[in-house]
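> Have a look at this one before I ask anything.
Each reported figure results from applying straightforward, stated rules to the coordinates on display, with no laboratory input. Quick caveat: nothing in here was measured; it's all calculated off a predicted structure. Please note: Cβ atoms are built from the backbone with ideal geometry, for glycine as well, and neighbour counts cover all protein chains shown.
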Amino acid sequence: MPLKVVFFDRSALDAYYCAPMEDTLIPDYVDARKIFAQQALLKGTIPVSRLSRFCDLVAATQGDVQVTMQFSLDDGNRRIIEGTLDTQAQVLCQRCLEPMQIPLHDEFRLAVVESESKSESLPKSLDPWICEDIKLVLADVIEEQLILCMPIVSYHENNCIETLSFAASENKQDDTAKAANGAGKPNPFDILKTLKDQD
Ligand SMILES: [Zn+2]
């Protein structure tokens, strides 16, 4: 079956090309004096377990966040980070309290400034990231952006509670039917019928 062979070849190739990104860990921090002038592009992952504030918001802390970060200086010599984040967050459905997975995706554009006062002069298209140190902690940047794109509450797409209670009542009816058909046991509906006939 040649079609199937082509399909497998292609998926094997995709997996191969994705592999370097999957394997590269995003560093804890970078030198804020150098990385923008270097126009560095970072691609890699950061384990969810390393983002403690984000971990407080999710039901499970396994897995990674896929990250890309492009560092540059803009025309105004501002230090810019353009990035994307992707992960699958484990949360609890607020209707049935069962775990569910939600995809999180974010694209962000930040200007790294030394102080709060400098952030006020930024154009609206840029969100400020205040970094007073020469150490720019990337995990903090990633964590903050992830928290910002988390939905406040999450629900299963289907009406999960109704599905649950419907399944429960179906079981109950089954039990009633079984009891009614049980050998020697009187059918409660027969008794009702008898009472009705007597009226
Ligand atoms: Zn649910």
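> Place a +1 charge on the Cβ of each Lys and Arg in region 81-170 and a -1 charge on the Cβ of each Asp and Glu, then give the dipole magnitude about the Cα centre in debye, rounded to the nearest 20.
Numbers: 5 positive and 17 negative charges, 24 e Å.
Using Cβ point charges on Lys, Arg, Asp and Glu, region 81-170 gives about 120 debye.
> Okay, moving on. Could you give me the ³J(HN,Hα) list for region 78-86, computed from phi with Karplus coefficients 6.51, -1.76, 1.60 and θ = phi - 60°, whole Hz, x at Gly and Pro?
7, 8, 10, 10, 10, x, 9, 9, 9
> With a cut-off of 8 Å between alpha carbons and a minimum separation of six or more residues, what is the relative contact order of region 4-148 in percent?
21 percent
> Sort H105, H156 by Cβ crowding within 10 Å, fewest neighbours at the top. Display every interim value, and only then the final one.
Numbers: H105 10, H156 14.
Placing the least packed residue first, the sequence is H105, H156.
> Order these by the 10 Å Cβ neighbour count, fewest first: K43, K124, K135.
Details: K43 16, K124 5, K135 13.
Going from least to most buried by this count: K124, K135, K43.
> Would you work out if region 4-148 is rounded, prolate or oblate? Take a ≥ b ≥ c from the square roots of the eigenvalues of the alpha-carbon gyration tensor; rounded if a/c is under 1.5, else prolate when a/b is larger than b/c, oblate otherwise. Provide the component values of the computation, followed by the final result.
Working: a/c = 2.26, a/b = 1.37, b/c = 1.66.
Oblate, because a/c is 1.5 or more while a/b does not exceed b/c.
> Net charge near F71: determine it from the other residues with C-beta under 14 Å of the C-beta of F71, scoring Lys and Arg +1 and Asp and Glu -1. Intermediate values should be presented prior to the final figure.
Numbers: positive: R33, K34, K43, R78, R79, R109; negative: D31, D74, E82.
That works out to +3.
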